[in-house]
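Participant: So that we are looking at the same thing, I have put the structure below in structure tokens.
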Amino acid sequence: MRGTDEAKTAETKKVVICISGMAGTGKSTVAKRIAQKYGLKYYSGGDALRDLATAEGYQASNNGWWESPEGLCFLEERQKNSRFDKTVDDKLLEYATQGNVLLDSWTMPWLVKGGFKIWLAASVEKQAERIAQRDHMTIPQASQALKEKESHTKTIYKELYGFSLGEDFAPFNFILDTDALSAEEVFQVLCQVIDNVVFGKQSQ
């Protein structure tokens, strides 16, 4: 049950928070924690796309699947057929209109009107280091996989919506460089910002 003041306020205000960032920035981990803390419903564009990939016969349940050869193959399929991304984005937009949500998504910061939008940044080196540790790869393997994945992903969204992922930061209210921060420190910084900006609480 949601019993916190923040959760009650979120429902009253129809809060919408979008968290975005390239792979290896820690966005999904911190997004889930923030959703839980503030009693927000959590929806992930990446998870929804993986569900669609599974329905198409891909083995998409493993960690690090997006950086695998099969995950990259699905990215190429998405590049040829926009129905996957449009299906997911239409559903996320529907959730956004309901409010009281946290959207872990690359597209929603550009597509949702209003809301509080966060971008998590990290250097390419730090991204590769984190992906390598998470998925039990070497850093050179992780670097190559990330390069391919980001190239396909940026092309998909540029062609579909016209924005430059990882280069255009116009929609974002707050940008945080996570290179020198632990996952806990990222969480604490974002909570302080959300408390002050979204819920209007003053620092203690």
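The values are calculated or read from the model by the stated rules, or taken from the named source; none is laboratory data. Values in this document were obtained by computation on a predicted structure and should not be read as measured data. Positions of Cβ are generated from backbone atoms using ideal geometry, with glycine treated the same way; all protein chains shown enter the neighbour counts.
Participant: With the checklist (1) in contact (Cβ under 8 Å) with a residue 12 or more places away in the chain; (2) farther than 15 Å from Ala183 by Cα; (3) surrounded by fewer than 22 Cβ atoms within 10 Å (Cβ to Cβ); (4) not charged (D, E, K, R) in hand, flag the one item Ser28 doesn't pass.
Facilitator: (2)
Here's the yes/no breakdown for (1) modelled with pLDDT under 95; (2) under 18 Å from the mean Cα position of the chain (by Cα); (3) under 23 Å from Asn62 (Cα atoms):
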position: Leu120; (1), (2), (3): no, yes, no
position: Arg130; (1), (2), (3): yes, yes, yes
position: Gln141; (1), (2), (3): yes, no, yes
position: Glu148; (1), (2), (3): yes, no, yes
position: Ser151; (1), (2), (3): yes, yes, yes
position: Pro171; (1), (2), (3): no, yes, no
position: Ile175; (1), (2), (3): no, yes, no
position: Phe187; (1), (2), (3): no, yes, no
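Participant: Exposed (fewer than 13 other Cβ atoms within 10 Å of the Cβ), assigned to a helix (DSSP H, G or I) and out of contact with any helix residue (DSSP H, G or I) (no Cβ under 6 Å at 6 or more places or on another chain): is that true of Val197 in this structure? If you could, list the steps in order and put the result at the bottom.
Facilitator: On the way: exposed (fewer than 13 other Cβ atoms within 10 Å of the Cβ): yes; assigned to a helix (DSSP H, G or I): yes; out of contact with any helix residue (DSSP H, G or I) (no Cβ under 6 Å at 6 or more places or on another chain): yes.
Yes, satisfied.
Participant: If we keep just the residues of the stretch 29-47 that are assigned to a helix (DSSP H, G or I) and charged (D, E, K, R), which is farthest from Glu70 (Cα to Cα)?
Facilitator: Residues of the stretch 29-47 that are assigned to a helix (DSSP H, G or I), as a first pass: 29-38, 45-47.
With the extra rule that they be charged (D, E, K, R), the set shrinks to 32-33, 37, 47.
Working: Lys32: 26, Arg33: 29, Lys37: 34, Asp47: 16 Å.
Among those residues, the one meeting the criterion is Lys37.
Participant: A further question on this structure: Being farther than 14 Å from Cys18 by Cα and either touching a residue at least 40 places away in the same chain (Cβ under 8 Å) or part of a loop (DSSP other than H, G, I, E, B) (or both) is the filter here, so list the residues in the stretch 176-187 that pass it.
Facilitator: Going through the stretch 176-187, the residues farther than 14 Å from Cys18 by Cα turn out to be 177-187.
Asp177, Thr178, Asp179, Ala180, Leu181, Ser182, Ala183, Val186, Phe187, listed by residue number.
Here's the yes/no breakdown for (1) without any contact (Cβ under 8 Å) to a residue 24 or more places away in the chain; (2) of a type in the set (Ser, Thr, Tyr); (3) over 24 Å from Ala48 (Cα atoms):
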site: Asp135; (1), (2), (3): no, no, no
site: Lys158; (1), (2), (3): yes, no, no
site: Phe174; (1), (2), (3): no, no, yes
site: Val189; (1), (2), (3): yes, no, yes
site: Val197; (1), (2), (3): no, no, yes
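Participant: Here's a follow-up. Output the qualifying pairs, or none if there are none: Cβ atoms under 7 angstrom, residues six or more apart or on different chains, first residue in the stretch 73-96 and farther than 12 Å from Tyr157 by Cα, second residue part of a loop (DSSP other than H, G, I, E, B) and of a type in the set (D, E, K, R).
Facilitator: Qualifying pairs under 7 Å: none.
Participant: Suppose we filter the stretch 48-66 for residues that are without any contact (Cβ under 8 Å) to a residue 40 or more places away in the chain, of a type outside the set (Ser, Thr, Tyr) and either in a helix (DSSP H, G or I) or within 20 Å of Gly115 (Cβ to Cβ) (or both); how many remain? Spell out the reasoning first.
Facilitator: Initially, the stretch 48-66 is screened for residues without any contact (Cβ under 8 Å) to a residue 40 or more places away in the chain, giving 49-62, 65.
Going one step further and asking which of them are of a type outside the set (Ser, Thr, Tyr), we end up with 49-53, 55-57, 59-60, 62, 65.
Then drop every residue that is not either in a helix (DSSP H, G or I) or within 20 Å of Gly115 (Cβ to Cβ) (or both), which leaves 49-53, 55, 65.
Number satisfying all stated conditions: 7.
Participant: Would you please name the residue that is nearest to Thr29 (Cα to Cα), looking only at residues in the stretch 55-99 that are small (Gly, Ala, Ser) and surrounded by fewer than 11 Cβ atoms within 10 Å (Cβ to Cβ)?
Facilitator: Going through the stretch 55-99, the residues small (Gly, Ala, Ser) turn out to be 55, 57, 60-61, 64, 68, 71, 82, 96, 99.
Subset that is surrounded by fewer than 11 Cβ atoms within 10 Å (Cβ to Cβ): 55, 57, 61.
Details: Ala55: 25, Gly57: 27, Ser61: 17 Å.
Filtering first and then ranking leaves Ser61.
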